[in-house]
Every structure is written in C-alpha cells, then in structure tokens.
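Reviewing the structure listed below.
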Amino acid sequence: GNSVTQMEGPVTLSEEAFLTINCTYTATGYPSLFWYVQYPGEGLQLLLKATKADDKGSNKGFEATYRKETTSFHLEKGSVQVSDSAVYFCAWGGGATNKLIFGTGTLLAVQP
Amino acid sequence: DTAVSQTPKYLVTQMGNDKSIKCEQNLGHDTMYWYKQDSKKFLKIMFSYNNKELIINETVPNRFSPKSPDKAHLNLHINSLELGDSAVYFCASSPGNNYGYTFGSGTRLTVV
C-alpha cells in the first residue's frame, strides 16, 4: 500500500554539522512530496515541497529533491542551528482527496 | 490573524464523557481535515470535508463524528470517551492538490 518510511531518530548533531534525514515512499501514480516541521507544543508547518520528479524544494537552508528512480525525498541542510531542533515529517499526497500520508517523524536535536 | 484555529487547546475529561473540538480557517480553503497524533508522534488521518461534503472517512470508531456547517468550519464530536482516545488532534486545511496543508496548533485531549 501507499506509505512513507523515514529514518528513525533521534538524530543528534552539533551546531553547524551537515544534516540528512532519509525518506522513501511507496505510492501509486505521481504524488507530491512534502517535508513538515513540528516544534515542541506546536502544529506542523510546511517546510518545503516538490510536485514532480527532479524538482528541488528549498526553504530556510533546507533542501530535498524528488527522486522518482529511487522513490526518495531526503532532507538536507548544510549547517544546522540549535533553533532547527524539532520533529521532521516526510509526507506524500495527491489523488482525488488530496490525502497526506506521513512518515513516523524524525526528532532532530542540535547541541551548541 | 490565525489561519487555522482550534479550540480548546487542552481538554481533560473523564471516561464516558462526550466532548467537542472546534476548528475554523480563514484562508478560504475548500478542504479541511482532522488528524490524530499519538504519543509516538504518529499522524493518522481521520476525516476530510470538501466544501461541506465528507470525502475521507478512515477506519475510525463511530463514536467520532465530524460536522462541517460551512467550508470554513470543521468540528469533531466524540462520544463515550475512552482512555485510548488520549492524543493530540490536529485540524488542517488545503486549497487543493500540490499545495500541502496548513495545520492548526492542535488540541491535546487527555482522558482520565
């Protein structure tokens, strides 16, 4: 069935380290792909998205490229900050109902 | 000006009670959603309405009943609350495919 698999956390990094959070999906058709971020006690915020193969989404220094051949949408950032500490969710969506299917979330903890 | 607002933010209630959570969006979106986030942060869709019409009804106990009086509002009523209903419930809205969702800040429901 349709699903999203993302790497388990927690991911603990030092400030200014390079970040990768892996995400792969299983879907029929051509879904849109998203990364959401959830800060403690808050709702989810859209971080970036890509709507077709080879598109790159980017925002606030984060990037992810829609790779159809590997069904992946890995999140990267060149230099993380303490303020990036949050839970990151990969999701795919589409179809007649625009339902979003989420991965299990990856907790990122950045230490000064 | 909050885009998607939910009330209440916190709800503590006893088993067997009936409670409602309200959601309103001022974005002009046609589609609204309810998601449940469990203690492990896993997000699962429950319901979706498009312009007051129910379009997604996942496998949810029939103690849960959504109601959409107009396209800007989607409420969730829960009868006979059980311990397992304790979770954070998120409302979201979307203008359509490829745009992702805008989430509310969540309602933390605790059943004691």
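Where both bridge residues fall in chain A, DSSP classifies roughly 90% of the beta bridges as antiparallel. Reducing the stretch A:61-80 and the stretch B:1-50 to their Cα centroids gives an inter-centroid distance of 30 Å.
Computed from the C-beta positions of B:THR2 and A:SER14, the FRET efficiency with R₀ = 41 Å rounds to 0.70. The fewest-to-most ranking of B:ARG108, B:ARG63 by surrounding Cβ atoms within 10 Å reads B:ARG63, B:ARG108.
What you get for the protein assembly as shown, charging only the Cβ of Lys and Arg (+1) and of Asp and Glu (-1), is a dipole of about 380 debye around the Cα centre.
Rounded to 0.05, the FRET efficiency of the B:ASP70 and B:VAL112 pair, given R0 = 45 Å and the Cβ-Cβ distance, is 0.85. Simple point charges give the picture: +1 on the Cβ of Lys and Arg, -1 on the Cβ of Asp and Glu, and for chain A a dipole about the Cα centre of about 400 debye.
Only the coordinates and a few stated rules stand behind these numbers; no lab work does. As the structure is a prediction and not an experimental result, all values here were calculated from the model. In this analysis, Cβ positions are derived from the backbone assuming ideal geometry, glycine residues included, and neighbour counts consider all displayed protein chains.
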